[in-house]
Ligand code: 5U1
């Protein structure tokens, strides 16, 4: 009776040992490329000649070519039964379990068509890619080079739970097979896209129907300019004959249909010279090399410096001072050295050596075993303090309006602050002694600093800059421990019971709070009046009686309408209960929202009381029975 379209099928059980290969029912062709207007006009002449209509203009559609991973989905009687990668076009890999975890892909489409196979592209939006990489950096994991690699890496995971945790999306653009359809599949490509959308599949609506090839060329010029504004990467455009009958008539070569072509944007790699390599001291003491470049415009912005990450990276790419290099923007955003143009070397280039001492405080630097990064470990290094303060004041941390790197630099140089807590002692008079401060701006900054005392425990935890503790983890820690004091006292073992906290993070938190200067910092923040508590439980009964979930253990699963997962767990803790992530005999209740999966099954198996959202709210409000 298992229904493959049941929401429970979004999360599958066990990781697989490997992917099964699948034979595509219809080959997934690739595309020939055109690189300029002339090649597009030549394509148009071939199309019109092939159709015997050389004199007549031909209508085309221009679609965005999403830079992701091609997939083919099979729906039988409207239900998603199989998903495969493109592979070599004839054989792909079975990634059904992983595809099912993508919320934007329907498990059931709005039709009972006996067999439908559609083709599309799975991708990761640029911002989500950047956030994922930030998180990976914070937790010491290797970074993805670009959104495409991140999408491919996320989809080709043997454990679907990993795929489920990644921000993947998809667009569909082609119908490979439609059999026994009671619905007429349209014979015009733009109508086909709308048809796919009506079925409930995600479709990119940024297409343009063009009456002739000159309109196509205009559209290509438009997107060459505008593509950087999209929230996802595209690696070109696809020009297709609107008429599907025409497409069939023209047929295909061994590799590609004759009626379609990909337009590739002009290369966005530029040559420039490495004028120097400098090192930066970041937080927490990471000494990172930075190439100073002869300024060059790449895809609309001037690049004059590029991160070289670490010693191994420089060695691997063999980057020397004076080298000519090819640079591009990875993921269309982050400048990166593609390769050294060794053919341009004159012999005057110089090898770069990482410093043995911190360039700011002159103390020796260290490279920990297994790490690629050199670090300055001098706690009083001015450069480290500056970076720490920049992070402390940043938008995601204490969000101190007007306290940017330049002012922080002045405050540090004037020796007005030695740690973040000193910020709260700064007066208007102190600021007036610095450059560029007038009475009003000084008053505003002092007010902004004072206001940040109520930023919230999660922000303070994040602002401390504990290694491996990102924004999300700080929020979870704040919700779990509810006060800085409790967090400080937590053992490594207790920390590891917190969802999302692993061994590396737990170790890092303990070693942070184990250091005397960090304990002093927390004490100073508290003395300055920074709020280091979560707000008191607003669900606590007015009469001060027992909390409604006192001593009870609950597991939240599935999607609730009124709470996010962490909000529901917070509500449980505030009501005196314990929120855990796995169902066992010790679980008192399982709160099951929409699309609850294996945890709900396990609860049923163990005979644990299952609450729907309304019953859960009743319990929180002390209106239901917990027995
Ligand atoms: N929008 C779109 N992207 N894209 C990529 N259409 C499209 N068609 C493709 C490819 C590789 O190939 C055709 C052969 C279906």
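The values are calculated or read from the model by the stated rules, or taken from the named source; none is laboratory data. From a predicted model like this one, the values you see are computed outputs, not experimental measurements. Cβ atoms come from the backbone with ideal geometry, glycine included; neighbour counts cover every protein chain shown.
Of note:
- First in region 43-69 and modelled with pLDDT under 95, second anywhere and part of a loop (DSSP other than H, G, I, E, B) and within 16 Å of the ligand (Cβ to nearest atom), Cβ under 6 Å, 6 or more apart: 67/233
- Residue match in region 32-40 (condition: within 30 Å of residue 102 (Cα to Cα), outside any loop (DSSP other than H, G, I, E, B) and within 16 Å of the ligand (Cβ to nearest atom)): no
- Some residue of region 403-426 being part of a loop (DSSP other than H, G, I, E, B), under 30 Å from residue 554 (Cα atoms), modelled with pLDDT of 90 or more and in contact with a helix residue (DSSP H, G or I) (Cβ under 9 Å, 6 or more places away or on another chain): no
- Screening 47, 26 for residues that are within 14 Å of the ligand (Cβ to nearest atom), more than 30 Å from residue 145 (Cα to Cα) and not in a strand (DSSP E or B) leaves exactly one candidate, 26.
- Elements of type helices (runs of 4 or more DSSP H) contained in region 467-536, each with 2 or more residues being modelled with pLDDT of 85 or more and crowded, with 17+ Cβ neighbours inside 10 Å: 471-481, 484-489, 503-514, 516-527
Here is a yes/no grid of residues against (1) within 30 Å of residue 464 (Cα to Cα); (2) more than 16 Å from the ligand (Cβ to nearest atom); (3) crowded, with 19+ Cβ neighbours inside 10 Å; (4) without any contact (Cβ under 8 Å) to a residue 12 or more places away in the chain:
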site: 252; (1), (2), (3), (4): no, no, no, no
site: 261; (1), (2), (3), (4): no, no, yes, no
site: 308; (1), (2), (3), (4): yes, yes, yes, no
site: 343; (1), (2), (3), (4): no, yes, no, yes
